[in-house]
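Visitor: After the structure tokens below, expect a handful of questions from me.
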Number of protein chains: 8
Amino acid sequence: MKLTASPFARTARAVTGGLLAAAVVTLGGAGAASAAVAAPAAHATATPGDVAHKYLTESTHLTIRAAAKAAEAAMDAAVAEGQRVSVAVVDRNGNTLVTLRGDGAGPQSYESAIRKAYTAVSFNAPTSVLVGRLQQQPTLKDIPGTLFLAGGVPVTAKGSPIAGIGVAGAPSGDLDEKFARAGAAALRR
Amino acid sequence: MKLTASPFARTARAVTGGLLAAAVVTLGGAGAASAAVAAPAAHATATPGDVAHKYLTESTHLTIRAAAKAAEAAMDAAVAEGQRVSVAVVDRNGNTLVTLRGDGAGPQSYESAIRKAYTAVSFNAPTSVLVGRLQQQPTLKDIPGTLFLAGGVPVTAKGSPIAGIGVAGAPSGDLDEKFARAGAAALRR
Amino acid sequence: MKLTASPFARTARAVTGGLLAAAVVTLGGAGAASAAVAAPAAHATATPGDVAHKYLTESTHLTIRAAAKAAEAAMDAAVAEGQRVSVAVVDRNGNTLVTLRGDGAGPQSYESAIRKAYTAVSFNAPTSVLVGRLQQQPTLKDIPGTLFLAGGVPVTAKGSPIAGIGVAGAPSGDLDEKFARAGAAALRR
Amino acid sequence: MKLTASPFARTARAVTGGLLAAAVVTLGGAGAASAAVAAPAAHATATPGDVAHKYLTESTHLTIRAAAKAAEAAMDAAVAEGQRVSVAVVDRNGNTLVTLRGDGAGPQSYESAIRKAYTAVSFNAPTSVLVGRLQQQPTLKDIPGTLFLAGGVPVTAKGSPIAGIGVAGAPSGDLDEKFARAGAAALRR
Amino acid sequence: MKLTASPFARTARAVTGGLLAAAVVTLGGAGAASAAVAAPAAHATATPGDVAHKYLTESTHLTIRAAAKAAEAAMDAAVAEGQRVSVAVVDRNGNTLVTLRGDGAGPQSYESAIRKAYTAVSFNAPTSVLVGRLQQQPTLKDIPGTLFLAGGVPVTAKGSPIAGIGVAGAPSGDLDEKFARAGAAALRR
Amino acid sequence: MKLTASPFARTARAVTGGLLAAAVVTLGGAGAASAAVAAPAAHATATPGDVAHKYLTESTHLTIRAAAKAAEAAMDAAVAEGQRVSVAVVDRNGNTLVTLRGDGAGPQSYESAIRKAYTAVSFNAPTSVLVGRLQQQPTLKDIPGTLFLAGGVPVTAKGSPIAGIGVAGAPSGDLDEKFARAGAAALRR
Amino acid sequence: MKLTASPFARTARAVTGGLLAAAVVTLGGAGAASAAVAAPAAHATATPGDVAHKYLTESTHLTIRAAAKAAEAAMDAAVAEGQRVSVAVVDRNGNTLVTLRGDGAGPQSYESAIRKAYTAVSFNAPTSVLVGRLQQQPTLKDIPGTLFLAGGVPVTAKGSPIAGIGVAGAPSGDLDEKFARAGAAALRR
Amino acid sequence: MKLTASPFARTARAVTGGLLAAAVVTLGGAGAASAAVAAPAAHATATPGDVAHKYLTESTHLTIRAAAKAAEAAMDAAVAEGQRVSVAVVDRNGNTLVTLRGDGAGPQSYESAIRKAYTAVSFNAPTSVLVGRLQQQPTLKDIPGTLFLAGGVPVTAKGSPIAGIGVAGAPSGDLDEKFARAGAAALRR
């Protein structure tokens, strides 16, 4: 790391006296990652043994209740149209938050829903849009855990992706994605 | 969910007009998860299409720089004693943040370090302590992803675990854990 | 879930006093999933501790004997033509019911047969037909567990897929599928 | 199969002229598998191409709504006590129906909850009870997919297991199981 | 390989003119592996491009029909006692030949049956006997693919194991093994 | 199954058109599977407890010595041209018999060699030829365990595939396959 | 193997009459694999029980410190441009040496970075270049562990690949690869 | 990393001007990892684009020929006693170098041999000795990839482990280990 050539690094060093803490500040300054906000100083009631504040960052997540609400809204939308689907919500870390295996949904729908959600949150775009990117970069779809089929939509906070909702099992990906959007819409009310 | 029997739920309903949002408030009230803080209203400059604020929660993480600093400190401590180890830092979501495969470390050390870190952050205790719990609950060690061998320590913020540091490859788990503690200590300075 | 906007939900609430039970009724009304039939009340001799009847649904399956019969019929058809194949029957949940690894069949045939059966029951169509769908949606084949090669056929009850039969190992997928159809035909006699 | 000794078999043979169909009847006669009921003749409006009725059996399942209700009730119970857990519901086929990853729950809790649910439905007993069986048969816990830790309970219909509810992440398995029981109780109302 | 110290090697060399072919002869002389017999010269109608005869060995297997017969006999035995089980037959190479997932059998039974069969054929003993060996060698059970629970029996030809039959799902391993033995017995008639 | 009590079985045996015992005979009559030969009666010194002769079939394999010889010949051919490769020999059951990871060979070469060998023995053709088949059936390459890249060749006995040799790591698949052919050639001398 | 060009090979042959010992020396004579150098005789202070010197070869690796330096330089380059990425360094054996999961990087970036690094070191070329090779050989991308997306670069010693650096998570592969090159450049200073 | 407290670090900084390069020197000074030797300057004919010499280390390996020789010697020893086993050689990086699946060896022997070899090289001790360590640390055996059963021995160069030889399939682990030792002994001649 060529520290002397990096303005931020020098500033950071002044503040924190070290290389790595420097980056904390830098990253904070570089903008909000995953809609992260700086932890307000007022909350800093550190326990002995805790990590120093400078090494920490915050990230924004859906509550499990919100994730469940979105999943159920997507399922409701599918049931309302007589479609049998599975639904999944995946967070920005790629961890599955909620799954619902619909009554009578095809066995492939469960894992497909998870992968569509994963793909949408990874690239912050509906999977119906991402399918189009394969024209230019066909090997994008070889990334482990992804599935480039319509039916996944991202959920955002301050414009950053914080979760993905995936639906699978309907006769077309467009239908799946309609239901996924219904799930996401439930979180804007 | 039997809403009528739940005081919090009724309150929540009043506030949010709905089932799931209610829980958001409830959970917020139940205390900070993973050292989470409520996102200050001042930051709420929601983008159209964003999730409503009430569905969100914040969680605290190590920055990647801090995680790397801790990993390197652990590796330094091992090298200083002539030990060949691998080091890993895993976050509270179970995702690996940093790995370092030490020169000449045994091949088993890499995955072992990850699992020790995972175990420490999962149970918020050093793995040397957790080994003792197997006396009472021997099947704890059958939980996927865990390894109940000394060498993993948790990293906390406000008392909650936010990461685990794992070291493996030294002749004894006690040595491994000494190095892991050196890694954690680097984040308290 | 916007309960007030949903007629079914209000009705359901009247019946069950709650959100989720409501959906039970709704789903029942939406038609038979996987050829499901409502459990007749006459059978409802609930054991203390049992789930309330309203939370249950029924689904139709092949008996293991029927599944074995179909698999053997498919194998017979292949052997009659001097072909060496493996055969699998997979249910609508994606679980393998029966496998038969044919004498002298190629090592790839066993897993291929399972995946063809899985694909056919997932999409309720012969895999020879499904191959054609890849023209429009090439990434369908990236769904985990599927194999888009001729040789799998669905088994239906009241028009809904309840199982898939897959055959693999013959020199062509058309042959494989001919044998799979022979397996399915054995269940219509 | 010693056909001559089996009355049912002879009857079946009369009906179906063969080995495997016979068994269909037998199994029906042998009692309800997984709380299965015979499909009432009135529903038998077979589609051309459908499987003959004699090859079919029915099984009882939780609706996805019921499964979600149970999962949420378990989560509510945990939140009410300030515990951070994950919850899973698994059906009798071993397929996961619902998962909820709790806010701030340890990363190990998600898969643990699934495995506890799987274990409870597999053996039709709470996992707290099953732990005791390891005294006699310690290798039971080597069965793939199982986890012998308190926190899983079966859900039954007519005494047969149709699902399992698993909770993980609380400080003790007893607490986990208390919450899982709360989930199951929600389905008896 | 210190050829000069090995009498057989020199002999072999004389016969076959080479190092590796030598071993062929040696192995043949060492007794029948997996009930292997030397390929009779009369059959040696080599195709151009074929491997020279001296590099070949024969091994004995169950036909798929025999394997299916054994599996069905085991299933019959279980059904006759009202037990719900899964059955598997695995060959000496460890490949699964036949599986039958019993109606209403627990989800864990399918993979358990395969592993019991695998274990029995690997060690040429019933798994009920093999459980006893864990007293002396507890880590035997850590060998991948094995399951040391009663319910698996070997099938032999000329005393060598050629297959294993595994049954799982009954309330006790002894019952499982009784059914597995019934399967094996069907191949001695 | 008490065959003598089963009309179909007796018929089947005579005709061979019926189901289980029949097929045993049928398969024998249908020609040699995997270059199988009927076990000569002269060897039939059955042990009490052994499977009856009629349930058995024989298959032809490379001895491990032959497999090692072929692998080394392939490696020699590569080294002679200064190429760094890995080599694998896989039998007709899909089991790996021999692997050699060449000095300095790329890390991808080891698994690639195994898969090429697996593919060649599965389809009884060099993988360079099989690549061409993808023009007509592009999804062939989705069969688990396969790799459609030049470098794998089948080994035959009496025209049937008994093993595959795979080489990977050279700058081109043609080179890899040249070395694999050298390995196969060593078995014809 | 061109034995006659190797003096020791002839000697070896005299001693062992065979193939393998000969090759040991031959390979040494054939040139340095992976930038290997012959171990200087001066270092040969063999311990009793050690392998004889003639069986050994040396290979060149990045130290873990160098690997960490490169990874951090790549991360710095990304952060300097406000990009959120993950970074990995993989050695010539395919083992991961270092990983850094960037703050706010997409969940797919971690494994993608590892696979890009793996691909680059396997084929000793930037993955942006390797993508082009798929035109001629589309199935190259089916090799397990690889990912043919821009963002991976090899690290060489004496022209041989000794490691790969992979970056993933930026909006384009070109950006990813720019950061990977920055990582590699840090090792040339 | 607290550089100011570390004498070596300061020196290193002087030499290399940076954080990470420092450690290179340190590690070099700490002694030879895996029997590594410093690359002699005489060989340093760096290619433009190569890594700077200071970032490199060397490690000692068995040649593939030596590994094959050891594997075959182990196999010879087993065959000489009429035992059917599989053999594996694994290097210090945990990568499998050679495998030999013995004629008629049990299916479990192949993977067992690899794991025994892996365990022996990981801990630099025969697995028969390592079994004893489980008395003190029973969870050692939970480390992924290991198998604590007699039959694995390490291969050393200058006292450091560079490979492991594993044998499995004989009636006892002691026999297996006897054959593994025969393999290792072949490399001392």
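The values are calculated or read from the model by the stated rules, or taken from the named source; none is laboratory data. Note that the coordinates shown come from a computational prediction; the quantities given were computed from them, not determined experimentally. All Cβ positions, glycine included, derive from the backbone under ideal geometry; neighbour counts span all protein chains shown. These accessible areas exclude ligands, DNA and RNA; they are computed on the full protein's heavy atoms, side chains included. Shrake-Rupley method; radii C 1.70, N 1.55, O 1.52, S 1.80 Å.
Visitor: Quick check for you: with a 1.4 Å probe and neighbouring chains kept, what is the accessible area per residue of segment D:124-167, in Å²?
Guide: 31 Å²
Visitor: As I understand it, the dipole of segment F:64-188 uses +1 on the Cβ of Lys and Arg and -1 on the Cβ of Asp and Glu, about the Cα centre. Which of F:P107, F:A168, F:Q137 lies farthest toward its positive end?
Guide: Towards the positive end, the residue furthest out is F:Q137.
Visitor: Just list whichever of C:K116/G:K141; G:K69/G:K178; E:K116/F:K54; G:K116/G:K158 have alpha carbons separated by over 18 Å in the model shown.
Guide: From C:K116/G:K141; G:K69/G:K178; E:K116/F:K54; G:K116/G:K158, over 18 Å: C:K116/G:K141; E:K116/F:K54; G:K116/G:K158.
Visitor: Output ³J(HN,Hα) for segment F:163-174: one whole-Hz value per residue in order, computed from phi by the Karplus curve 6.51 cos²θ - 1.76 cosθ + 1.60 with θ = phi - 60°, and x for Gly and Pro.
Guide: Each residue's phi maps through the Karplus curve to give 6, x, 10, x, 10, 8, x, 6, x, 9, x, 5 Hz.
Visitor: Suppose R0 equals 22 Å. What FRET efficiency, 1/(1 + (r/R0)^6) with r the Cβ-Cβ distance, do F:K54 and E:H53 give to the nearest 0.05?
Guide: 0.20
Visitor: Also, quick follow-up: F:V129 to H:V129: FRET efficiency via 1/(1 + (r/R0)^6), r the Cβ-Cβ distance, R0 41 Å, to the nearest 0.05?
Guide: For F:V129 and H:V129, the calculated efficiency is 0.20.
Visitor: On to the next question. Rounded, prolate or oblate, given the Cα gyration tensor of segment F:64-188, with a/c below 1.5 counting as rounded?
Guide: Judged from the Cα gyration tensor, segment F:64-188 comes out oblate (a/c at least 1.5, b/c at or above a/b).
Visitor: Which residue in C is nearest the C/E rotation axis when you measure from the C-beta atom, and what is the distance in Å?
Guide: Here the value is C:T99, 2.
Visitor: Tell me the total accessible area that B and H bury against each other, 1.4 angstrom probe, in square angstrom rounded to 100.
Guide: Buried area between the two chains comes out at roughly 1900 Å².
Visitor: Heads up, I need the accessible area for H:R84: 1.4 angstrom probe, whole protein in place, Å², nearest 10.
Guide: 50 Å²
Visitor: Provide the solvent-accessible area of E:L175, counting protein heavy atoms only and rolling a 1.4 Å probe, rounded to the nearest 10 Å².
Guide: Here the residue's solvent-accessible area equals roughly 40 Å².
Visitor: A further question follows. To the nearest 10 square angstrom, what accessible area does F:M75 show with a 1.4 Å probe?
Guide: Around 10 Å² of this residue is reachable by solvent.
Visitor: A follow-up question, please. Around B:A67, with a cut-off of 14 angstrom between Cβ atoms, what is the net charge of the other residues, counting Lys and Arg +1 and Asp and Glu -1?
Guide: Spelling it out: positives minus negatives among the neighbours equals +1.
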